[in-house]
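Submitted below is the structure of interest, expressed as structure tokens.
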Amino acid sequence: MLISHESAMRIVTEVSSIIDHDVNMMDEQGLIIASTDPARLGTVHGGARRLLKEGLDELIVENEDEYEGARPGVNLPLLFEGETVGVIGLTGRTDEVRQFGRIIKKMTEILLLDSWAERQKQLKAAMWNQFIEEWLFSSASQVDDAFAERGLQLGIDIREPRIVFVVALTGGPEETDSAAQEQLAKAENALHEIVRRIGGGFYYKLPYRLVCFMPPAEPEQLRALAEKIVSAAEAAELSAYIGIDTMPADASGIRAAYARADKALRAAMRGGRKIHFYDSADLEILAGELPAEARHSFLNGVFGRCSPKERAQIVDFLTVYYKHGGSVQATADALFVHKNTVQYKLHKILHLTGHDPRDLYGAAVLLAALAVRSSLGDDAGSVLRL
């Protein structure tokens, strides 16, 4: 077992605070790797070398010139799983420090065990994160039997089908603000609890994204789960936007599932919706696949004769009109206007755009325009200024 300098210094400092004597820790070569006396770091401790070489249970140093680099005190071996991994040394008169020796030795070995366990936990977490990242971004051909076996060793069975959520948390103070960090931690802890309660569910943290892996479920159940996540974020004074790919993905399909869920997330954020399901027939998602220049050009073709104010009014009106299936009366009721006003607005849109919202072709073009405009988000306002 290699003892890190950081772990050794933490242990030495903690032990020294209890006995009020200088404390040193030596590695398997007898070099001082931690000390309450900074000047001794990295120097040879001849007494520790002898203790290690001869397998002694204890070594007392009476005089400063007795061993190279050693000072009066008591030195004891440190054991880990039956093997000597280093030496702990207490500096001071023998009659003062020897009484602490065995207690300090045992305490140090317990702290070493704790440090080792924490290090193993960190290593496993790093391996787990690396595995999930590879799974998300590797090609399907790389997700083979050997890769699946690695997952099983980390407690992940990638052979189980998964539904992928992608969650974005927004709306807090600046990220450097400690309050923002607390808010994010609170929201992530809540999300962790929500996901943990679902058998086989877990999540992975990417920059600005949380990727959730869920067992297959009906869309209603997925929406209910997503709503819990949104509520948990709001309780932490944040906003959550969620993109969901409803198609269960096998081991080799996770990368594609993540890409679909991410597209749904971007559509949700652009449209101001909290939750959006991926649908290959979703006009807004399809529009988002087009180059921005082509989308701007299309909108200019539809709304080129409209002022910015007229364009905004048309978009607002058509959103309501098509939401109510093109019903004049339902649209009038929703807008609290007379149905003749709705007819007037429909005629005006035909006059300004050349497309009749009431016929099949005109409706198709205008619905596509709404989707393209939504896919551009804040950039849509620059359409007529190209």
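None of the figures in this text is laboratory data; all of them are computed from the coordinates on show. Model, not experiment: these values are computed from the prediction. Here the Cβ is made from the backbone with ideal geometry for all residues, glycine too, and neighbour counts use every protein chain on show.
Give me the net charge for the shell around Lys124: Cβ to Cβ below 13 angstrom, other residues only, Lys and Arg +1, Asp and Glu -1.
Result for the local shell: +2.
Report the equivalent ellipsoid semi-axes for the chain in whole Å, largest first, defined as the square roots of five times the eigenvalues of the gyration tensor built from alpha carbon atoms.
After diagonalising the Cα gyration tensor, the semi-axes are 69, 22, 18 Å.
Here's something else I'd like to know. Hey, in the GNM for the chain with a 10 angstrom Cα cutoff, which one of Glu83, Glu218, Glu188 fluctuates hardest?
In the Gaussian network model the winner is Glu83.
I've got another one for you. Anything in the chain that counts as a DSSP H helix reaching 15 Å or more along its axis (C-alpha) with Kyte-Doolittle mean of at least -1.0? List them, would you?
Details: long enough: 5-19 (21 Å, 0.52); 101-137 (53 Å, -0.24); 178-196 (26 Å, -0.43); 219-235 (24 Å, 0.03); 254-271 (25 Å, -0.24); 292-303 (16 Å, 0.11); 308-323 (23 Å, -0.40); 339-353 (21 Å, -0.51); 360-376 (24 Å, 1.68).
For the chain, where a helix must reach 15 Å along its axis and average at least -1.0, the hits are 5-19, 101-137, 178-196, 219-235, 254-271, 292-303, 308-323, 339-353, 360-376.
Ok, one more. Quote the relative contact order of the range 5-115 in percent (integer), defining contacts as alpha-carbon pairs under 8 Å separated by 6+ residues.
24
Would you compute, from DSSP H runs of 4+ residues alone, the mean residue ellipticity of the chain at 222 nm, taking -39500 (n - 2.57) per run and dividing by the full residue count, rounded to the nearest 500?
That comes out to -17000 deg cm²/dmol.
Taking the Cβ of each residue in Tyr361, Tyr322, Tyr67 as the centre, tally the other Cβ atoms inside 10 Å and list the residues starting with the fewest.
With the fewest neighbours first, Tyr361, Tyr322, Tyr67 line up as Tyr361, Tyr322, Tyr67.
Here is a follow-up. Using a ≥ b ≥ c from the Cα gyration tensor of the range 5-115 (square roots of the eigenvalues), is it rounded, prolate or oblate, where a/c under 1.5 gives rounded and otherwise the larger of a/b and b/c decides, a/b for prolate? Before the final figure, lay out each step's value.
Details: a/c = 1.26, a/b = 1.15, b/c = 1.10.
Here the range 5-115 falls in the rounded category.
Sticking with this one: Could you name the aspartates and glutamates in cross-link range of Lys345, using Cα to Cα under 19 Å and dropping any fewer than eight places away on the same chain?
Here the aspartates and glutamates satisfying the reach criterion relative to Lys345 are Glu310, Asp316, Asp333, Asp356, Asp359.
Pull up all non-local amide H partners of Thr36: gap of 5 or more, or a different chain, and H-to-H distance under 5 Å with H placed in the peptide plane.
Under 5 Å from the amide H of Thr36 lie the amide H atoms of Val23, each far enough along the sequence or on another chain.
Please build a GNM for the chain, connecting alpha carbons under 10 Å apart, and tell me which residue among Gln29, Gln120, Gln130 fluctuates the most.
Gln29
How charged is the neighbourhood of Ala251? Take every other residue with its Cβ under 13 Å from the Cβ of Ala251, and add Lys/Arg as +1 and Asp/Glu as -1.
Local net charge: -3.
I would also like to ask the following. Could you tell me the relative contact order of the range 161-280? Use alpha-carbon pairs under 8 Å, at least six residues apart, and round to a whole percent.
On the way: 216 pairs, mean separation 42.1, N = 120.
Answer for the range 161-280 is 35 percent.
Another question, if that's okay. What does the charge count around Leu335 come to, taking other residues whose C-beta lies under 13 Å from its C-beta (Lys +1, Arg +1, Asp -1, Glu -1)?
Once all neighbours under 13 Å are counted, the net charge is +1.
Just Glu81, Glu227, Glu133 to compare: in a GNM of the chain, with alpha carbon springs under 10 Å, which one fluctuates most?
Per the Cα network of the chain with a 10 Å cutoff, Glu81 tops the list.
Another question, if that's okay. Give me Ile110, Ile132 ranked fewest to most by other Cβ atoms within 10 Å of their Cβ, as a rough exposure proxy. The partial results should precede the final answer.
Values: Ile110 11, Ile132 22.
Listing Ile110, Ile132 from fewest to most nearby Cβ atoms yields Ile110, Ile132.
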